[in-house]
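Presented below is the structure to which this report refers.
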């Protein structure tokens, strides 16, 4: 989708510049006077400055959101590892919970990165959204709820289990907090109306540039390269705005590292 929008904008900007060049040839002589040309160039400069500020702010904003998303997944992986460690420490009574936790982690990877290699193991591979447009699925929610219920039903008996049980509950709470922050976060922060307005501004800039630009091969090449440059900037913005899809995406390595830790055999006494 991001590539299609960028290509569409490139075509629009080239057509706008071409329309400006065509309109320039139809202007009367007094409209092409030096004073008129300088006035138009001042307006173009003002619009270029506005567009540059908006694009710069957008790049900064979506990059910050992308980095925050990446950090959340790192914390997610750490929370999974720490919960698994506490379950190991609790003893054999928690082995079934650990198996559910591993299946839960594998499901999150499979659902969030469906086009990458699926984790090994036995777990559901088909997911149903809780409601239309939701990032959360029935299967993953059920797995996390099952882990929660099973931990609440654990009965610590030894002094060691009694000591670590509150820590076990705390690790589960940390995991759930991170999961719901990721689920409830908006899929995209750039509205279609704002995107359309931004593209309209850019079209106006290129049209007015075409009105005052000389008609020669260098200008034609410059218009083409400028169109590609602006469109690629918009592509980067849109791609960063969807952290789990596109060419620029958040890595799932923290969750795969968590799976590797879960698959390690118990330490020798």
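Structural remarks
- Residues of the range 1-34 that turn out to be modelled with pLDDT under 85, farther than 23 Å from residue 216 by Cβ and loosely packed, with under 14 Cβ neighbours inside 10 Å, as a count: 2
- When every residue of the range 179-190 is checked against the conditions, none turns out to be assigned to a helix (DSSP H, G or I), over 29 Å from the mean Cα position of the chain (by Cα) and touching a residue at least 12 places away in the same chain (Cβ under 8 Å).
- Members of the range 86-97 found to be assigned to a helix (DSSP H, G or I) and surrounded by fewer than 16 Cβ atoms within 10 Å (Cβ to Cβ), listed by number: 89, 92, 93, 95, 96
- There is no residue in the range 159-166 that is more than 17 Å from residue 76 (Cβ to Cβ) and under 24 Å from the mean Cα position of the chain (by Cα).
- Of all residues in the range 158-188, those satisfying the criterion of being at pLDDT below 85 and loosely packed, with under 14 Cβ neighbours inside 10 Å are 184, 186, 187, 188.
- Any hit, the range 241-248, residues being surrounded by fewer than 11 Cβ atoms within 10 Å (Cβ to Cβ) and either under 14 Å from the mean Cα position of the chain (by Cα) or in contact (Cβ under 8 Å) with a residue 24 or more places away in the chain (or both): yes
- Checked against the criterion of being in contact with a helix residue (DSSP H, G or I) (Cβ under 9 Å, 6 or more places away or on another chain) and part of a helix (DSSP H, G or I), the range 114-134 contains not a single residue that satisfies it.
- Filtering the range 120-154 to residues that are modelled with pLDDT of 90 or more and more than 26 Å from the chain's Cα centre (by Cα) leaves 145, 146, 147, 148, 149, 150, 151, 152, 153.
- Applying the condition of being under 14 Å from residue 234 (Cβ atoms) and touching a residue at least 60 places away in the same chain (Cβ under 8 Å) to the range 191-218 and asking which residue is nearest to the chain's Cα centre (by Cα) yields 195.
- Set 50, 101: member being touching a residue at least 40 places away in the same chain (Cβ under 8 Å), within 26 Å of the chain's Cα centre (by Cα) and exposed (fewer than 15 other Cβ atoms within 10 Å of the Cβ): 50
- Assessment of the range 33-46 against the conditions (more than 23 Å from residue 189 (Cβ to Cβ) and not in a helix (DSSP H, G or I)) yields at least one matching residue.
The values are calculated or read from the model by the stated rules, or taken from the named source; none is laboratory data. Computed from a prediction, not measured in an experiment: that's the story for all the values here. Cβ coordinates were reconstructed from backbone atoms using ideal geometry, including for glycine residues, and neighbour counts include every protein chain displayed.
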